[in-house]
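The values are calculated or read from the model by the stated rules, or taken from the named source; none is laboratory data. Nothing here was measured: the structure is a model prediction, and the numbers come from that model. Cβ placement follows ideal geometry from the backbone for every residue including glycine, while neighbour counts extend to all protein chains displayed.
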Ligand code: COA
Ligand code: AMP
């Protein structure tokens, strides 16, 4: 069936459509109820089915005779390692680590935080939690102790699985001090920390809380997969919202397994034995869905890459991995290609490698800007597919569905709605806009399988943030338009979330940290355009009366403070002291106006502005200080 028919059917006969897709999963108990409502009145998929996601992703393949197939390739230029693990090896390893968790008292429904870099043990840790029905919550290594502490307090893990360090190019980033700092800050105290000692950073174990991973895993008895309900949580993944407090997006087991398995064939056009590589990090949703669960559910070989697009050792790093492991489908954030393009504009290093195994180049995480799209098209000679999705959805809302019908790609567009996503573009009053007109991109309920059904321990926030503005429609937080042929163009967030080098961050959180400084009365942080990272945050600072500080040293202190409290990935490097901030009469800072002013975009000053004179005054200051191009 071609795209248009498939899509139409997925919307008009959604239950029948997703009932068929469910047949592709080895359930313990196949669901009879396909779509129903839970106690919160939220649509849920496969409520009476039982399964185990680790079984579907690992053991099932061994049972089917694929035990010798490579499940995982660990490629780590930062440690000069390439190692391979078969499905049978992955199963045995996972079963033992799961047994180790059981011995520590972790049971179905308990939370385990994973604070680990891109090593195979991290993937094993995630699968081991799934195996026993525990709920994992992976925290990205680039976050500071404060951010980790917030997640520990919200998720209340029984155990933390950690490693002694991450490696950033040639820099060793010790994780233990960060973790210990977070554990000191957090009110919740996990019973145990299991520490994977990497050769680059020795472990300092604080017994009896801290346990050495190697001896723990070696001594553990393997355990079998535990059946869980389709609607039981598989993981919590924290993501940035508009406030400083991250949102715990909860993913279920059943809908997730079905949608991800489907996406591997429909979106990525890969299946058993194909090599799939998502060059992201397991700390992000891309890593959850397409380094771990998706490729393994589909019986692919997944590549776990501990390196960068450049400097590990050069801008040919990606081409080397594609060639060496004969990757069929590759997925990465556009910012990574911009980093390569900066170092090797003519893409000369590609000539050294044979990447003929590559069938498609997928990108997501931020808008694929047309110059990068054309650069990729010119050099890679395969379809370049931008697709759009979010932590909340777990898979793409829009894509060019290569496995159904490859449509011609259009620069600047993330493709057409994927099956199951009833996408609309609305104006402020909730009316659908005409083709080509910008508005809020929303999705009509029910959302398809894998989409979140709540925020961890804060269902009120789920309702408020996502469903209250346009009742019956999921507010994606992204704005954009759909053209007359149905192609969607996502132009950016309509809220205070920013996207820095493919990392989703809250300007509200950065503002909180900046505002804590004793000299700062008020501040506004906005994400401005950056040629390499897509966006970077900048701050406008209003100082307390009577404070006399050197602006340069103040900014340096604030930069360090954001680094220490949010993390280096915030990339907060610039701030400016101003005398006034533009506000509405009710006191809301006009962040959109500031952002557009700095980016040189057209902006409308709302009639509710407190004092219109501030606009030319601010523009002059920003220009004078080099925040606006002359
Ligand atoms: N642990 C510790 N520190 C980390 C880190 C981690 N896991 N990841 C990044 N950092 C640090 C970096 O070392 C850097 O530190 P510095 O300021 O001391 O130099 C800082 O955080 C900023 O990192 P980043 O903006 O990511 O720049 P980079 O040069 O390290 O990497 C890219 C550039 C393009 C490779 C990287 O941003 C990237 O891979 N982005 C894609 C993210 C992604 O996959 N998103 C998911 C959607 S597809
Ligand atoms: P995350 O939840 O970290 O995956 O970030 C999701 C956000 O990243 C989305 O809401 C978008 O703002 C942005 N995003 C992801 N993919 C795309 C894309 N293909 N085009 C434009 N924006 C994207």
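Can you say whether residue 451 is touching a residue at least 60 places away in the same chain (Cβ under 8 Å), more than 30 Å from residue 376 (Cα to Cα) and surrounded by 15 or more Cβ atoms within 10 Å (Cβ to Cβ), as far as the supplied structure shows?
Yes.
When you go through (1) surrounded by 22 or more Cβ atoms within 10 Å (Cβ to Cβ); (2) more than 13 Å from ligand 2 (Cβ to nearest atom) one by one for residue 343, which number turns out not to apply?
(1)
I'd like to verify a number: residues in the range 155-198 that are touching a residue at least 12 places away in the same chain (Cβ under 8 Å) and part of a loop (DSSP other than H, G, I, E, B), how many?
So the count comes out to 13.
Give just the number: which of (1) under 20 Å from the mean Cα position of the chain (by Cα); (2) crowded, with 19+ Cβ neighbours inside 10 Å; (3) part of a strand (DSSP E or B) does residue 525 not satisfy?
(1)
Quick one: which residue in 303, 292, 282, 228 is outside the structural domain of residue 562 (by TED's automatic domain parsing), within 28 Å of residue 407 (Cβ to Cβ) and surrounded by 22 or more Cβ atoms within 10 Å (Cβ to Cβ)? Spell out the reasoning first.
On the way: 292 fails: within 28 Å of residue 407 (Cβ to Cβ); 282 fails: within 28 Å of residue 407 (Cβ to Cβ); 228 fails: within 28 Å of residue 407 (Cβ to Cβ).
Within the list 303, 292, 282, 228, the selection yields 303.
What is the number of the single condition among (1) closer than 20 Å to residue 370 by Cα; (2) touching a strand residue (DSSP E or B) at 6+ places or on another chain (Cβ under 7 Å); (3) more than 11 Å from ligand 2 (Cβ to nearest atom) that residue 485 does not meet?
Result: residue 485 fails condition (2) only.
Name the pairs: first residue in the range 517-532 and within 16 Å of ligand 2 (Cβ to nearest atom), second residue assigned to a loop (DSSP other than H, G, I, E, B), Cβ to Cβ under 9 Å, at least 6 apart or on different chains?
526/496; 527/496; 528/627; 529/600; 529/601; 530/501; 530/571
Quick one: would you say residue 546 is assigned to a strand (DSSP E or B) and either closer than 15 Å to residue 573 by Cβ or without any contact (Cβ under 8 Å) to a residue 12 or more places away in the chain (or both)? Even if it seems obvious, please write down each step before you answer.
On the way: assigned to a strand (DSSP E or B): no; either closer than 15 Å to residue 573 by Cβ or without any contact (Cβ under 8 Å) to a residue 12 or more places away in the chain (or both): yes.
For residue 546, the condition - assigned to a strand (DSSP E or B) and either closer than 15 Å to residue 573 by Cβ or without any contact (Cβ under 8 Å) to a residue 12 or more places away in the chain (or both) - is not met.
In the set 30, 22, 47, which member is modelled with pLDDT of 95 or more, buried (at least 16 other Cβ atoms within 10 Å of the Cβ) and closer than 18 Å to residue 297 by Cα?
Sole residue among the options that is modelled with pLDDT of 95 or more, buried (at least 16 other Cβ atoms within 10 Å of the Cβ) and closer than 18 Å to residue 297 by Cα: 22.
Read through the list (1) in contact with a helix residue (DSSP H, G or I) (Cβ under 9 Å, 6 or more places away or on another chain); (2) farther than 30 Å from residue 342 by Cα; (3) surrounded by 16 or more Cβ atoms within 10 Å (Cβ to Cβ), then give the number of the only condition that residue 621 fails.
(1)
Quickly run through the range 372-417 and pick out the residues that are over 23 Å from residue 7 (Cβ atoms), under 24 Å from the mean Cα position of the chain (by Cα) and away from ligand 1 (no atom under 13 Å from the Cβ). Step through it out loud before you land on a result.
Of the range 372-417, the ones over 23 Å from residue 7 (Cβ atoms) are 372-382, 391.
With the extra rule that they be under 24 Å from the mean Cα position of the chain (by Cα), the set shrinks to 372-373, 376, 391.
Selection gives 373, 376.
Could you grab me the full set of residues in the range 106-139 that are over 21 Å from residue 198 (Cβ atoms), in a loop (DSSP other than H, G, I, E, B) and in contact with a strand residue (DSSP E or B) (Cβ under 8 Å, 6 or more places away or on another chain)?
106, 108, 109, 110, 133, 134
With respect to residue 271, determine if the residue is surrounded by fewer than 24 Cβ atoms within 10 Å (Cβ to Cβ), out of contact with any strand residue (DSSP E or B) (no Cβ under 7 Å at 6 or more places or on another chain) and on the phi > 0 side of the Ramachandran plot.
Judged against the criteria, residue 271 is not a match.
Of all residues in the range 358-378 being surrounded by 19 or more Cβ atoms within 10 Å (Cβ to Cβ) and assigned to a helix (DSSP H, G or I), which is farthest from ligand 2 (Cβ to nearest atom)?
375
In the range 295-322, what count of residues is obtained for those that are in contact (Cβ under 8 Å) with a residue 40 or more places away in the chain, in contact with a strand residue (DSSP E or B) (Cβ under 9 Å, 6 or more places away or on another chain) and more than 25 Å from residue 350 (Cα to Cα)?
So the answer is 2.
Residue under question is residue 466, and the condition is that it be at pLDDT 95 or above, more than 16 Å from ligand 1 (Cβ to nearest atom), outside the structural domain of residue 269 (by TED's automatic domain parsing) and in contact with a strand residue (DSSP E or B) (Cβ under 6 Å, 6 or more places away or on another chain); does it hold?
On the way: at pLDDT 95 or above: yes; more than 16 Å from ligand 1 (Cβ to nearest atom): yes; outside the structural domain of residue 269 (by TED's automatic domain parsing): no; in contact with a strand residue (DSSP E or B) (Cβ under 6 Å, 6 or more places away or on another chain): yes.
So residue 466 does not fit the description; no.
Please verify whether the range 470-486 includes one or more residues that are crowded, with 17+ Cβ neighbours inside 10 Å, assigned to a loop (DSSP other than H, G, I, E, B) and out of contact with any helix residue (DSSP H, G or I) (no Cβ under 9 Å at 6 or more places or on another chain).
There is at least one residue in the range 470-486 that is crowded, with 17+ Cβ neighbours inside 10 Å, assigned to a loop (DSSP other than H, G, I, E, B) and out of contact with any helix residue (DSSP H, G or I) (no Cβ under 9 Å at 6 or more places or on another chain).
Within the range 559-583, track down each residue that is out of contact with any helix residue (DSSP H, G or I) (no Cβ under 7 Å at 6 or more places or on another chain), in a loop (DSSP other than H, G, I, E, B) and more than 10 Å from ligand 1 (Cβ to nearest atom).
Answer for the range 559-583, where residues must be out of contact with any helix residue (DSSP H, G or I) (no Cβ under 7 Å at 6 or more places or on another chain), in a loop (DSSP other than H, G, I, E, B) and more than 10 Å from ligand 1 (Cβ to nearest atom): 579, 581.
Looking at (1) part of a helix (DSSP H, G or I); (2) within 16 Å of ligand 1 (Cβ to nearest atom), which is the one condition that is false for residue 535?
(1)
Residue 220 passes all but one of (1) surrounded by 19 or more Cβ atoms within 10 Å (Cβ to Cβ); (2) under 30 Å from residue 310 (Cα atoms); which number fails?
So the condition that residue 220 fails would be (2).
Hey, any hits in the range 419-435 for a residue that's part of a strand (DSSP E or B), touching a helix residue (DSSP H, G or I) at 6+ places or on another chain (Cβ under 7 Å) and either free of Cβ contacts under 8 Å to residues at least 40 places away in the same chain or under 22 Å from residue 286 (Cβ atoms) (or both)?
The first filter runs over the range 419-435 and keeps only residues part of a strand (DSSP E or B), leaving 423-426, 432.
Still in the running and touching a helix residue (DSSP H, G or I) at 6+ places or on another chain (Cβ under 7 Å): none.
There is no residue in the range 419-435 that is part of a strand (DSSP E or B), touching a helix residue (DSSP H, G or I) at 6+ places or on another chain (Cβ under 7 Å) and either free of Cβ contacts under 8 Å to residues at least 40 places away in the same chain or under 22 Å from residue 286 (Cβ atoms) (or both).
In the range 487-506, what residues are under 17 Å from residue 594 (Cβ atoms), more than 16 Å from ligand 1 (Cβ to nearest atom) and either assigned to a strand (DSSP E or B) or in contact with a helix residue (DSSP H, G or I) (Cβ under 6 Å, 6 or more places away or on another chain) (or both)?
Hit for the range 487-506 is 496, nothing else.
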